[in-house]
Each structure stands twice: as C-alpha cells, then as structure tokens.
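Undergrad: First, the structure itself, so that you have it in front of you.
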C-alpha cells in the first residue's frame, strides 16, 4: 500500500524529472526509468484513493453532443429516432437498444465499450 507521503514525494519527483526527460531520452536512461517508476506510484495511489467512475450512457450522449456542437434534434435525424427519445436517453429515463446504441457510437464517436460500460 502506498502512503500519502510516498504519493506526495512521487508527485514532487515527477515535477523535477519531467524537464529532464524528453521524447528523445532512451528508455533505459536512469532518469526515464525513475520517472516511469514514480509515475506508477502516483497512478496506483490515485486509482485507489481517487477512482474515476465510468460515465453513464446519458452522460456519454450529452457530452458527445456538446463536443460535436450537435442538437438533440440533429442527432435524432441521423440515427432514426425521435428527438423526445434522445431526450429520454439524456435524462436517463430510458436506455437505447443495441441497434440504436451502435448508431449512437458511430455518429458520436463513442467507443462501444464505454456505451456498454465495460
């Protein structure tokens, strides 16, 4: 188990090492190896103490619409459902069928694994 003190030390060390390790630094360089190790410590600590939950289907659709600058009505037309059905998905009142989910993934560039929450 990684302690908070170890985590904070690793964060500080990463800040020191980042300017010293670049894309052209060999992977077996001592600083590059140390950077990889302390990065692993930070990742492990954050996964345990600050887990990021997977977004819901409604969050995926809403954020993807915003990123693409698309309206619910436009999306509905592209995937062949009613605008009210898109609103139901975003509000969490219903889940898309697999067929509609596939279209959503294609149109909104959502990874299928994210849509299936796996």
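Undergrad: Across region 50-66, which residue is farthest from residue 114 (Cα to Cα) among those that are in contact (Cβ under 8 Å) with a residue 40 or more places away in the chain and not in a loop (DSSP other than H, G, I, E, B)?
TA: 65
Undergrad: From 41, 2, 14, which residue is touching a helix residue (DSSP H, G or I) at 6+ places or on another chain (Cβ under 6 Å) and in contact (Cβ under 8 Å) with a residue 40 or more places away in the chain?
TA: Every option except 2 fails the conditions.
Undergrad: Residues of region 4-23 being surrounded by 15 or more Cβ atoms within 10 Å (Cβ to Cβ) and in a loop (DSSP other than H, G, I, E, B), which ones?
TA: Once the filter is applied, which keeps residues that are surrounded by 15 or more Cβ atoms within 10 Å (Cβ to Cβ) and in a loop (DSSP other than H, G, I, E, B), region 4-23 yields only 21.
Undergrad: Considering only region 42-49, I want to know if a residue exists there that is over 30 Å from residue 21 (Cβ atoms) and exposed (fewer than 14 other Cβ atoms within 10 Å of the Cβ).
TA: Within region 42-49 (the criterion being over 30 Å from residue 21 (Cβ atoms) and exposed (fewer than 14 other Cβ atoms within 10 Å of the Cβ)), the answer is no, since none of the residues qualifies.
Undergrad: With the checklist (1) under 17 Å from residue 105 (Cβ atoms); (2) modelled with pLDDT of 95 or more in hand, flag the one item residue 56 doesn't pass.
TA: Result: residue 56 passes all but (2).
Undergrad: Looking at (1) touching a helix residue (DSSP H, G or I) at 6+ places or on another chain (Cβ under 7 Å); (2) more than 30 Å from residue 95 (Cβ to Cβ), which one does residue 61 not meet, given that it meets all the others?
TA: Evaluating residue 61 over (1) touching a helix residue (DSSP H, G or I) at 6+ places or on another chain (Cβ under 7 Å); (2) more than 30 Å from residue 95 (Cβ to Cβ) leaves (2) as the failure.
Undergrad: Follow-up. What are the residues in region 96-113 that are surrounded by 14 or more Cβ atoms within 10 Å (Cβ to Cβ) and more than 19 Å from residue 69 (Cα to Cα), if any?
TA: Residues satisfying the conditions are 96, 100, 101, 102.
Undergrad: Report whether or not residue 63 is within 30 Å of residue 2 (Cβ to Cβ) and either in the same structural domain as residue 109 (by TED's automatic domain parsing) or modelled with pLDDT of 95 or more (or both).
TA: Considered against the rule, which asks whether it is within 30 Å of residue 2 (Cβ to Cβ) and either in the same structural domain as residue 109 (by TED's automatic domain parsing) or modelled with pLDDT of 95 or more (or both), residue 63 comes out as no.
Undergrad: While we're here: Mind counting the residues in region 71-95 that are crowded, with 16+ Cβ neighbours inside 10 Å and within 21 Å of the chain's Cα centre (by Cα)?
TA: 2
The values are calculated or read from the model by the stated rules, or taken from the named source; none is laboratory data. Being a predicted model, the structure only gives us computed values, none of them experimental. Neighbour counts are summed over all protein chains in view; Cβ atoms, including those assigned to glycine, are modelled from backbone coordinates with ideal geometry.
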